[in-house]
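Here is the structure we will look at.
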Amino acid sequence: MKMFRMWPGWVGLCLALLAGMPAKATPFSAAGPDCFFTTVASRLLFSEMGLSLGQIQVYPTNQYTPAVHRLLQVTANIYDVTSTNYFPAVYRPVFSVDASNDVWLAGYTNVPCITDPSQLAPPIDAVALAFTPNLPAFVLTNIYNVPWIIAARKGFPNFNEYVEENIVGMTRRLQFTRNINGATMYQVLPITGTNQMYLMSLHNSGGLDFWNPYTNNFTDNVTVSYRVFSLNYITNSDTSDVVPTLPYSPLGFFTSNSISLEGWPGTGLWAGGQPNANSFYVPVNFTGFTSLSNSVYRTPYAGGTPGALPLGFPAPCLVPTNYFGTLGMTTIFETNLPAEQQFYVPQWGLVTTNQLQVYILDQDARGTSHVIDYVNLEMAGSQNINNEIFNDDTNGEGSSQSPQGIWNMNLNAKYPALPWGIYNQIQISRGFENVSAEDGTWQGDPEAATYSSSVGVQIADFDAFFYPWGSVVPIEFDGGIYYGSNYEASVQAPYAPTRYAVGYTVLEANDPLVHYMTSDLVPSFPVDLQTEYNNFITNVPGPSAVPFTLGKLNYNFRPWGGNPYLLADDGIEEVESLDPLLFSLEERDPGTFGPDNWGFPTNQVLSIDWLGQVHRGTPWQTIYLKSPDITRESYQLGGGQQRTSGLNIWAQWTGDTNLVGGTNYTDAYMMAPVQDWKIAGILAAMFNTNSFSSLISVNDPNTNDWMDALDGLTAVTNSTPAEFLEISSDSPQASAIANAIQAQRMSEYAGSFASLGDILATPELSVQSPFLNLSSSNNITDEEYEAIPGQLLSLLRVDSIGSVTSTANGQVVFQFTGYDNEPYLIESSPDLVNWSIVSTNSPVNGTITVTNTPSANAGMLFYRTVSSD
């Protein structure tokens with residue numbers, strides 16, 4: 001019995017809270033999937049994160065974080081263990097909107113089957129729901145990034161991957177002008193204008209696929225449905241708005257379809273790190289989709305007056321070149337810019353929003369449709385185009401040797417008003433051999449009378465423009481002699497370089513059972529996508545599609561031991577330098593080399609004996625009953641060259657590094673494996689049906705009691721084959737474990753375990769079990785590590801702990817922890833001998849709150865809880 005002394009100064013009394021031992025347990029009662037989900041999820045959310053299931057805000061503040069989703073996923077997974085249904089349990093969110101237009105997640109409803117097509121209606125943004133008039137109290141709709149909860153059930157195909165590549169192409173053309181009115185032969189005519197034009201384009205490639213990641217064929221008839229919408233905005237610093245285009249069509253694409261499949265092949269025998277290609281289904285695979293063809297960028301400074309543009313074009317805007325043709329015009333250069341705007345380059349960007357809804361329906365023998373997978377994601381990203389295009393070096397600036405770089409916008413020291421990149425473009429166009437064209441593209445001058453596809457003629461004609469009017473200029477180029485004579489008032493530089501900025505949207509499932517939030521799908525380790533997917537497109541004449549992983553194993557698939565394809569291609573040393581936890585049980589379950597290795601229990605009586613075998617909602621890991629804490633460790637990256645904290649790696653693993661606003665370490669920590677210790681303690685109290693009189697306190701100081709508690713439990717060895725041994729209380733192994741528990745308890749704060757699950761910090765219960773051969777740790781499975789704690793938890797009880805919450809207005813308000821539905825007597829005593837009953841209470845969500853008004857002369861009082869039986 002533990003005693004706590006607290007001194008409320010207002011009356012000088014001593015409040016001691018004494019823990020009594022209840023005598024029996026009341027069975028957990030939450031019949032049906034709805035009641036079970038609501039009861040358990042509410043308890044976990046409140047205990048772990050201080051949230052109420054019916055009041056999770058999704059707009060304007062979004063409280064639906066990966067950690068929240070994980071607790072809901074764990075709840076569904078636990079219920080599914082007790083279910084006899086063939087299909088996984090499915091829960092759909094319910095929403096409410098208050099008078100302030102705040103949107104709340106108000107709860108969940110079980111969806112045993114699809115009874116109305118509106119259940120699968122396209123998702124909307126939460127802000128759209130917020131301002132929808134005349135809503136009912138509870139709204140059944142689908143909102144992006146608030147997923148349905150589908151229990152982790154082995155054997156079903158699932159969404160695997162969505163990938164998209166956006167290629168922004170930029171071409172710079174130069175035009176030179178002079179006044180030829182009244183000119184005489186060989187007269188030197190000064191160049192009056194050096195004008196520029198930027199042409200932009202946007203090409204998209206990508207697709208999505210689904211996968212049956214299991215060896216066995218899936219023989220059910222299914223319907224695969226998808227809706228994909230990608231919207232792109234080209235932005236610039238000339239306006240706070242996006243850049244409009246003519247004729248004002250949006251940039252992007254939309255596709256949707258539903259396809260029926262009869263049977264789905266399994267992975268079969270893998271070869272070269274790849275499964276059977278037929279185990280993937282690729283309904284969307286597009287290459288080189290053009291969202292924006294070559295379009296001229298118009299600045300606000302054309303014509304010398306900001307905003308004054310020919311033909312009433314808005315400022316700024318992108319005008320497709322074919323639009324000029326409809327007006328009987330050639331494209332327009334930016335001419336006569338103010339001096340301070342010479343060779344003006346705005347800050348360009350690309351903002352991309354991807355919306356995705358996919359689901360798989362399985363039809364039973366009666367033709368009823370059941371959801372076996374459902375994903376609704378919205379992901380926004382931005383790209384700094386200037387950083388990828390105008391990024392050439394400035395080495396050599398100011399010297400006689402021009403620095404290389406067509407896109408170097410630093411000013412030339414010899415020609416202070418001329419950027420190096422434009423100077424180099426002129427030099428290349430004139431045929432100077434010491435400057436090379438980075439993409440080899442020569443576009444000529446379509447307005448020149450002597451236009452020719454021959455590069456030599458283009459160079460000669462352009463170079464002649466810089467000599468006295470009418471001169472014939474010989475140019476030697478590529479072994480030939482070319483002559484140029486130019487009588488034109490203007491000429492374009494024949495070399496017009498093009499460079500591409502490439503951006504990716506990559507959503508790939510690591511663990512096929514974890515793919516419901518964008519944080520689950522963003523690549524979770526530092527793979528250089530530009531290297532892995534393609535050579536970064538800089539020195540090529542046009543856009544090309546990247547070799548995405550559609551229809552084969554994606555790069556982000558990383559079970560225990562690593563990605564089979566990357567290992568086959570790069571070897572374990574290279575992969576391990578990027579992924580140091582390939583064989584770390586702090587992050588992944590040992591032996592889960594693929595989905596076939598899962599051993600989820602089914603059709604079980606509700607208990608916690610099988611809790612450690614339930615998927616925990618983070619990749620490749622079941623509920624964690626082991627002692628190592630990843631957040632307190634550090635690891636080597638890059639072949640030992642860089643050291644990083646375990647919390648950093650874990651945040652990356654969970655996707656909390658990709659949240660808006662940066663890494664959310666708090667949320668990542670709330671998902672850390674050791675958080676399952678608290679979950680185990682909560683569920684042990686909720687599900688335990690053993691008589692309380694038979695339970696041992698988690699803080700029992702008697703070592704013999706612990707040895708007796710271990711008596712009869714089953715230990716699993718990692719011998720080959722594995723042996724199942726009955727633990728004897730008088731065995732040296734039982735003694736070692738019992739003494740380790742006592743040592744761990746004494747090392748805790750105040751020398752006691754604060755919660756039941758804290759006992760799992762004892763290494764001898766799991767990773768240092770005396771029943772395991774630790775010298776052969778590579779063949780120890782997760783179930784073998786957690787065999788003893790999985791059985792022991794159901795034999796333990798946590799002490800009732802008290803605390804004072806208020807001492808005001810002559811009243812004492814205090815709380816006791818306890819087991820729900822179990823009646824406790826609250827008693828007080830002035831001397832620890834004579835006790836009187838204050839009240840009888842039963843905990844709600846594990847807590848009893850008591851208000852007591854002692855008499856004015858009560859003096860020092862002690863309080864305790866005792867079972868009413």
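Would you point out the residue of region 274-294, among those that are among the β-branched types (Val, Ile, Thr) and open to solvent by 60 Å² or more (accessible area, probe 1.4 Å), that is farthest from residue 509 (Cα to Cα)? It would help to see each step written out before you state the result.
At the first step, the residues of region 274-294 found to be among the β-branched types (Val, Ile, Thr) are 282, 284, 287, 290.
Right, trim to open to solvent by 60 Å² or more (accessible area, probe 1.4 Å) and you get 287, 290.
Numbers: 287: 22, 290: 28 Å.
Filtering region 274-294 for residues that are among the β-branched types (Val, Ile, Thr) and open to solvent by 60 Å² or more (accessible area, probe 1.4 Å), the one farthest from residue 509 (Cα to Cα) comes out as 290.
Among the residues examined, residue 87 qualifies as in contact (Cβ under 8 Å) with a residue 24 or more places away in the chain, out of contact with any helix residue (DSSP H, G or I) (no Cβ under 6 Å at 6 or more places or on another chain), aromatic (Phe, Trp, Tyr) and not in a strand (DSSP E or B). For region 706-721, a tally of residues being without any contact (Cβ under 8 Å) to a residue 60 or more places away in the chain, open to solvent by less than 60 Å² (accessible area, probe 1.4 Å), part of a loop (DSSP other than H, G, I, E, B) and closer than 20 Å to residue 794 by Cβ returns 1. The lone criterion from (1) closer than 29 Å to residue 507 by Cα; (2) β-branched (Val, Ile, Thr); (3) not in a strand (DSSP E or B) left unmet by residue 115 is number (1). How many residues does region 781-840 hold that are over 37 Å from the mean Cα position of the chain (by Cα) and of a type in the set (Asp, Glu)? Number of matching residues: 4. Filtered by the rule that a residue be under 44 Å from the mean Cα position of the chain (by Cα), open to solvent by 30 Å² or more (accessible area, probe 1.4 Å) and of a type in the set (S, T, N, Q), region 144-188 gives a lone residue, 145. For a quick check of your reading of the model, give me the residue pairs whose first member lies in region 722-748 and is closer than 17 Å to residue 786 by Cα and part of a helix (DSSP H, G or I), whose second is among the aromatic types (Phe, Trp, Tyr) and open to solvent by less than 50 Å² (accessible area, probe 1.4 Å), with beta-carbon atoms closer than 7 Å and at least 6 apart or on different chains. That search, which allows pairs on different chains as well, returns 733/771; 738/706; 741/706. Within region 433-481, the residues that satisfy the criterion of being at pLDDT below 80 and part of a strand (DSSP E or B) are 442, 477. Among the candidates 603, 597, the residue that is under 25 Å from the mean Cα position of the chain (by Cα) and among the polar types (S, T, N, Q) is uniquely 597.
Take the conditions more than 21 Å from residue 41 (Cα to Cα), of a type outside the set (Gly, Ala, Ser) and crowded, with 20+ Cβ neighbours inside 10 Å and apply them to residue 122. Does it pass? Considered against the rule, which asks whether it is more than 21 Å from residue 41 (Cα to Cα), of a type outside the set (Gly, Ala, Ser) and crowded, with 20+ Cβ neighbours inside 10 Å, residue 122 comes out as no. Looking at residue 584, is it touching a Lys or Arg at 6+ places or on another chain (Cβ under 8 Å) and surrounded by fewer than 20 Cβ atoms within 10 Å (Cβ to Cβ)? Answer is no for this residue.
Of all the residues in region 658-692, those that are touching a helix residue (DSSP H, G or I) at 6+ places or on another chain (Cβ under 7 Å), at pLDDT below 90 and either of a type in the set (Ser, Thr, Tyr) or not in a helix (DSSP H, G or I) (or both) number 5.
If you go through region 262-281 and pick out every residue that is part of a strand (DSSP E or B), at pLDDT below 95 and either more than 25 Å from residue 218 (Cβ to Cβ) or of a type in the set (A, V, I, L, M, F, W, C) (or both), you end up with 1.
Scanning region 172-229 for residues that are over 30 Å from residue 559 (Cα atoms), β-branched (Val, Ile, Thr) and assigned to a strand (DSSP E or B) yields 177, 191, 192, 194. Could you tell me whether region 776-783 includes any residue that is open to solvent by less than 50 Å² (accessible area, probe 1.4 Å), touching a Pro at 6+ places or on another chain (Cβ under 9 Å) and within 25 Å of residue 608 (Cβ to Cβ)? Looking through region 776-783, at least one residue is open to solvent by less than 50 Å² (accessible area, probe 1.4 Å), touching a Pro at 6+ places or on another chain (Cβ under 9 Å) and within 25 Å of residue 608 (Cβ to Cβ).
Any idea which residue in region 189-243 is most open to solvent (accessible area, probe 1.4 Å), counting only those that are of a type in the set (Asp, Glu) and more than 16 Å from residue 347 (Cα to Cα)? Result: 220.
The values are calculated or read from the model by the stated rules, or taken from the named source; none is laboratory data. In this text, all values refer to a predicted model and were calculated from it rather than measured experimentally. Please note: Cβ atoms are built from the backbone with ideal geometry, for glycine as well, and neighbour counts cover all protein chains shown. What goes into the accessible areas is simple: the full protein's heavy atoms, side chains included, and nothing from ligands, DNA or RNA. Shrake-Rupley method; radii C 1.70, N 1.55, O 1.52, S 1.80 Å.
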